[in-house]
Amino acid sequence: MKNLLILTILLCLYQVSKAQTFQFQLLFEDAIGNKDTLTIGYDSDGTEFIDPSFGEENIIGTPLDSLFDVRISDAFFNNGNATFHTKKQILPDSCSGSWFPVVSIDVKSKNWPVTATWDNLLFNFECVEGSVFTSCHP
C-alpha cells in the first residue's frame, strides 16, 4: 500500500513538472577573439517574448558593449523598435504542431567577421533537425 501511494505521488508530480525539452548554446566570436554566448531552446510553454519562468531576462536597458555584443530581440518584427533584448530565449516547441518559431539575433561588432558555432550533435533528433540559421526569414 505504501509503495502504491508513493508511486501515485510520483506520477502526479511527473504530470505537473515543467522541464525544458531542448536548449543549446550559440557561441559567437569576432575577428580579434571577443566572445559572447546566447542560449536558445524549445519548450511547449515557451513564447517569443520574455518568460521569467525559464530564466529569461529583459536587458534592453543595459547599454550594448561598444566592442562586441550579441542579443536576441524582437526588433525585426517591430520595424526596428525592439521591446526586449535577452541572452536566453525559450521558444514554443515546434514538435507540438506545425508552427515555425523564429528568433532574431542582433550582433554589434567593431571587428568583423563574426563567427557563430554550436554543437551539431544536439540536432540529431526529429523535432530539431529542421532548425535553420539564416539571415532572412524563411
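Read the figures in this text as sums done on the coordinates, not as results from a lab. What you are looking at is a predicted structure, and each value in this text was computed from that prediction instead of being measured.
Before moving on, here are some points about what is shown:
- Backbone geometry of region 77-86 corresponds, through the Karplus equation with coefficients 6.51, -1.76 and 1.60 at θ = phi - 60°, to 3J(HN,Hα) couplings of 8, 10, 6, x, 9, 5, 9, 8, 10, 8 Hz, x marking Gly and Pro.
- Close amide H contacts of residue 88 (hydrogens built in the peptide plane, cut-off under 5 Å, sequence separation of 5 or more or a different chain): 39, 57.
- Region 30-35 - phi-based ³J(HN,Hα) in whole Hz, Karplus 6.51/-1.76/1.60, Gly and Pro as x: 8, 5, 10, x, 5, 10
- Extension gain, residue 110-residue 49: 0.36 nm per intervening residue step, less the Cα-Cα distance, totals 19.1 nm.
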